[in-house]
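I have placed the structure first, in the form of structure tokens, so that the comments after it can refer back to it.
The values are calculated or read from the model by the stated rules, or taken from the named source; none is laboratory data. Keep in mind it's a predicted model, so treat the numbers as computed, not measured. Here the Cβ is made from the backbone with ideal geometry for all residues, glycine too, and neighbour counts use every protein chain on show.
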Amino acid sequence: MIRLLLILPLSSGSSRFRRLLDSDPGIDALEQIPETWSDIVGALNGFSPDVVLLGRTVLEADGITIAGDIMRTQGERAPAVIIVSDSYHERDVVLAAQAGVRGYLVGSPGGCPWGAMLRAVASGGGWLSPLAARALLDEFRTGPPRWREVRQRVSLTERELSVVRLVARGCSNQEVAGELGLSQSTIKTHVSRVLAKLDLRSRTQLAAFARDTGIV
């Protein structure tokens with residue numbers, strides 16, 4: 001039995017997913033439409049899912065960032081995460097993979113072999129819809145990842161590099177501040193400035209950037 005937690009916004013038409021899943025007796029599905037991050041944590045701790053089906057946008061935040069938060073806070077108990085999106089967005093699949101996401105589903109759920117996908121991901125494998133797989137292959141066929149190009153033209157100070165390294169290791173602003181002997185507000189300013197410089201949207205993307213470019 002695969003325990004599946006659905007964390008999807010109302011706009012995703014989550015009832016479509018439930019109808020598809022209810023026909024498979026090997027899947028025990030729980031739906032959560034969270035209002036706060038605590039709702040997500042409560043569902044994770046109470047249900048202990050094997051797989052989380054996560055909307056691309058949840059709590060008005062980037063689903064990839066939420067996925068990274070799930071894996072960081074759950075540690076060894078972290079479930080496999082599949083991102084669900086109505087359409088493909090440039091860089092999403094690369095960012096998702098670097099954040100530890102196991103699957104990326106694009107488009108209508110009707111054409112997806114749900115049982116095969118969930119079992120593959122729950123057993124440690126991965127799953128990409130054809131459009132996402134093609135986009136990922138195109139990303140690496142056409143040249144080096146965009147972030148390598150960004151690093152070549154954007155200069156980070158030594159202080160900013162120190163902040164990036166600690167963020168990439170999963171440190172909070174408080175922990176970074178303690179390590180560098182600075183205030184939390186100063187660290188927050190550094191992080192915001194670096195995100196703006198690199199045209200990134202979240203700490204998860206910043207951590208992936210640091211890994212991709214060899215900063216850590």
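Structural remarks
- The residue that is surrounded by the fewest Cβ atoms within 10 Å (Cβ to Cβ), counting only those in segment 20-62 that are in a helix (DSSP H, G or I) and of a type in the set (Val, Ile, Thr), is VAL41.
- Members of segment 96-117 that are within 19 Å of the chain's Cα centre (by Cα) and either within 23 Å of ARG77 (Cα to Cα) or modelled with pLDDT of 75 or more (or both): ALA96, ALA97, GLN98, ALA99, GLY100, VAL101, ARG102, GLY103, TYR104, LEU105, VAL106, MET117
Quick grid of which residues meet (1) at pLDDT below 80; (2) in a helix (DSSP H, G or I):
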{"residue": "ARG119", "(1), (2)": "no, yes"}
{"residue": "TRP147", "(1), (2)": "yes, yes"}
{"residue": "ARG151", "(1), (2)": "yes, yes"}
{"residue": "LEU166", "(1), (2)": "no, yes"}
{"residue": "GLN174", "(1), (2)": "no, yes"}
{"residue": "ALA177", "(1), (2)": "no, yes"}
{"residue": "ARG193", "(1), (2)": "no, yes"}
{"residue": "LEU206", "(1), (2)": "no, yes"}
{"residue": "GLY214", "(1), (2)": "yes, no"}
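Yes/no per residue for (1) outside the structural domain of HIS89 (by TED's automatic domain parsing); (2) surrounded by fewer than 18 Cβ atoms within 10 Å (Cβ to Cβ); (3) in contact with a helix residue (DSSP H, G or I) (Cβ under 8 Å, 6 or more places away or on another chain):
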| position | (1), (2), (3) |
| --- | --- |
| SER162 | yes, yes, yes |
| SER172 | yes, yes, no |
| VAL176 | yes, no, yes |
| GLY181 | yes, yes, no |
| THR186 | yes, yes, yes |
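- Extreme residue, nearest to ALA133 (Cα to Cα), among residues of segment 70-93 that are touching a residue at least 60 places away in the same chain (Cβ under 8 Å) and buried (at least 20 other Cβ atoms within 10 Å of the Cβ): VAL84
- ASP62 acidic (Asp, Glu) and modelled with pLDDT of 85 or more: no
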